[in-house]
Amino acid sequence: MEPTISPSILNCDIGDLRGQLELIRSADIAHVDVMDNHFVPNLSWGLPVVESVVNSAVLPVDAHLMIEDPDRWAPGYAEVGCHSVTFHVEAATAPVRLARELHRLGSKVGLALRPATDITPFVDILCEFDMILVMTVEPGFGGQSFIESMIPKIRRTREAIRTADLPVSIQVDGGVSRATIEMAAEAGADNFVAGSAVFKAEDAASEIDLLRSLAAAHCHAH
């Protein structure tokens, strides 16, 4: 399994969005965090900015919706051409119905879990998703430290996916850096959201390459 590197543009210079996307062109996908100041205590951007990132055509877009009522709002992100749309299970009323609607609209679908949310209740519906996002920080702000106690949850999620023999990816988001990416990969993650680690690096492209090589040594074991 090849690792996927998904830089988060949360901490980029939004005034030079196109230039910032060009900096991460060597990544696999652009991770765009949508926050509504309700589900999380922060406000980022919404559909118009996501649509402009999609239209820039620099990278495919992975929209991470940290919002209330994704049942209502998530389909719009698939409609504007996001490669994948991830919503939080804590906010969704009917996650299976929503996943099927997003698939119908042509998007891949991710199910996100906050740090305190257990994977166990969702094991039987893993087949409805392309990706499980195990948050390795409390969602809402960039630049936080990786919560190492999430490693067993990543392992349990990988084991459930393996047991069901499903082609489901595990994404980790929060505090992913040179210091933490190998630990997450070894536990079973294969999709890595890195924000500060990439955009604060002297050379974003070489940092992306380094993160990919660190993860690859462990991802091939899955």
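Every number in this text was worked out from the coordinates using simple rules, so none of it is lab data. All values derive from a computational prediction rather than experimental measurement. Glycine also receives a Cβ, built like all others from the backbone with ideal geometry; neighbour counts cover every protein chain displayed.
Details
- Exactly one residue out of Val198, Val193 is of a type in the set (Val, Ile, Thr), closer than 20 Å to Asp62 by Cβ and in contact with a His (Cβ under 6 Å, 6 or more places away or on another chain): that is Val193.
- Meets criteria (surrounded by 21 or more Cβ atoms within 10 Å (Cβ to Cβ) and more than 29 Å from Ile208 (Cα to Cα)) for Ala99: yes
The rows are residues; the columns are (1) crowded, with 19+ Cβ neighbours inside 10 Å; (2) touching a Leu at 6+ places or on another chain (Cβ under 9 Å); (3) of a type in the set (Lys, Arg); (4) closer than 25 Å to Ile14 by Cβ.
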{"residue": "Phe141", "(1), (2), (3), (4)": "no, yes, no, yes"}
{"residue": "Ile154", "(1), (2), (3), (4)": "yes, no, no, no"}
{"residue": "Ile170", "(1), (2), (3), (4)": "yes, yes, no, no"}
{"residue": "Arg178", "(1), (2), (3), (4)": "no, yes, yes, no"}
{"residue": "Ala204", "(1), (2), (3), (4)": "yes, yes, no, yes"}
{"residue": "Ser213", "(1), (2), (3), (4)": "no, no, no, no"}
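- Answer residue from the stretch 79-123, given it is assigned to a loop (DSSP other than H, G, I, E, B), out of contact with any Phe, Trp or Tyr (no Cβ under 6 Å at 6 or more places or on another chain) and among the small types (Gly, Ala, Ser) and is nearest to Ile67 (Cα to Cα) among those: Ala92
- Filtered residues of the stretch 27-66 (kept if acidic (Asp, Glu) and either closer than 15 Å to His88 by Cα or in a strand (DSSP E or B) (or both)): Asp33, Asp36, Asp62
- Some residue of the stretch 112-123 being within 18 Å of the chain's Cα centre (by Cα), buried (at least 24 other Cβ atoms within 10 Å of the Cβ), within 15 Å of Ile170 (Cα to Cα) and not hydrophobic (A, V, I, L, M, F, W, C): no
- Of all residues in the stretch 130-168, those satisfying the criterion of being assigned to a helix (DSSP H, G or I) and closer than 18 Å to Met183 by Cβ are Glu148, Ser149, Met150, Ile151, Pro152, Lys153, Ile154, Arg155, Arg156, Thr157, Arg158, Glu159.
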